[in-house]
């Protein structure tokens with residue numbers, strides 16, 4: 001029996017999804033809760049390895065319990081044991097062959113930029129505060145550069161060990177609601193820090209410090225050293241995984 005769960009979490013206090021020695025991670029918290037329920041260790045596999053400080057509203061994970069357990073009851077048991085900043089919002093049985101990472105067709109992220117002259121006590125954990133005025137039209141022209149299949153080597157973190165840096169971006173668009181700018185991006189897969197580096201480049205475009213043509217040339221260069229520093233992790237949210 002395989003159980004599939006959908007999670008949301010505030011990643012502020014965690015080292016990311018993946019378990020790491022001496023670090024507090026989302027995976028470690030879920031596995032610890034499962035160990036308390038079943039009194040044995042159970043490995044949980046996630047759809048994506050969100051980094052330290054990155055949030056999720058639709059992370060998907062799967063695990064195999066040692067004995068039959070109704071998914072709804074298991075969801076309640078997990079939520080009773082997990083900290084308030086991690087929540088299981090859905091649980092169901094899954095086919096034995098289900099792999100939350102390999103079976104995913106695409107993933108959708110959002111990045112939030114708070115564009116105003118003063119900080120917000122409520123948005124500081126979930127958005128990047130940018131004080132300079134931003135031109136949304138220029139940012140959307142830059143966002144269009146990323147649509148389609150490209151080599152994103154210049155947008156990944158240094159030291160990444162992916163076999164290929166080619167990715168297909170299916171959606172790339174900014175929207176504004178008052179002082180909050182939200183970037184929505186969907187792709188078949190992402191490289192580490194890819195979205196955050198893309199956002200930093202598009203914010204440069206919004207400031208008037210880069211043009212869409214320059215961003216296109218940066219993409220073609222495949223040179224990470226030419227790209228800006230990645231945007232802060234706090235603004236990034238894994239919204240949904242599609243199967």
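Scan the strands (runs of 3 or more DSSP E) fully inside the range 144-243 and keep the ones with 3 or more residues being in contact (Cβ under 8 Å) with a residue 60 or more places away in the chain, within 18 Å of the chain's Cα centre (by Cα) and in the same structural domain as residue 117 (by TED's automatic domain parsing).
180-187, 236-242
In this structure, is residue 12 within 17 Å of residue 239 (Cα to Cα), outside the structural domain of residue 187 (by TED's automatic domain parsing) and out of contact with any strand residue (DSSP E or B) (no Cβ under 7 Å at 6 or more places or on another chain)?
The answer is yes for residue 12.
In this structure, is residue 125 in a strand (DSSP E or B), in the same structural domain as residue 196 (by TED's automatic domain parsing) and surrounded by 13 or more Cβ atoms within 10 Å (Cβ to Cβ)?
Answer is no for this residue.
For the range 197-210, how many residues are under 15 Å from residue 152 (Cα atoms) and surrounded by fewer than 23 Cβ atoms within 10 Å (Cβ to Cβ)?
Count: 1.
On the basis of being more than 22 Å from residue 39 (Cα to Cα) and not assigned by TED's automatic domain parsing to the domain that holds residue 41, does residue 99 make the cut?
For residue 99, the condition - more than 22 Å from residue 39 (Cα to Cα) and not assigned by TED's automatic domain parsing to the domain that holds residue 41 - is met.
Suppose we filter the range 5-44 for residues that are touching a helix residue (DSSP H, G or I) at 6+ places or on another chain (Cβ under 9 Å), surrounded by fewer than 19 Cβ atoms within 10 Å (Cβ to Cβ) and under 14 Å from residue 59 (Cβ atoms); how many remain?
1
So if I check each of 122, 38, which one is within 24 Å of residue 177 (Cβ to Cβ) and out of contact with any strand residue (DSSP E or B) (no Cβ under 9 Å at 6 or more places or on another chain)?
It is 122.
Report, ordered by the first and then the second residue, all pairs with beta carbons closer than 6 Å, sequence separation of six or more or different chains, a first member in the range 33-52 that is without any contact (Cβ under 8 Å) to a residue 12 or more places away in the chain, and a second member that is exposed (fewer than 14 other Cβ atoms within 10 Å of the Cβ) and assigned to a loop (DSSP other than H, G, I, E, B).
35/41
In the same structural domain as residue 57 (by TED's automatic domain parsing) and either modelled with pLDDT under 95 or crowded, with 16+ Cβ neighbours inside 10 Å (or both), is that true of residue 78?
Criteria met by residue 78.
The values are calculated or read from the model by the stated rules, or taken from the named source; none is laboratory data. None of these values were measured; they are calculated from a predicted model. Positions of Cβ are generated from backbone atoms using ideal geometry, with glycine treated the same way; all protein chains shown enter the neighbour counts.
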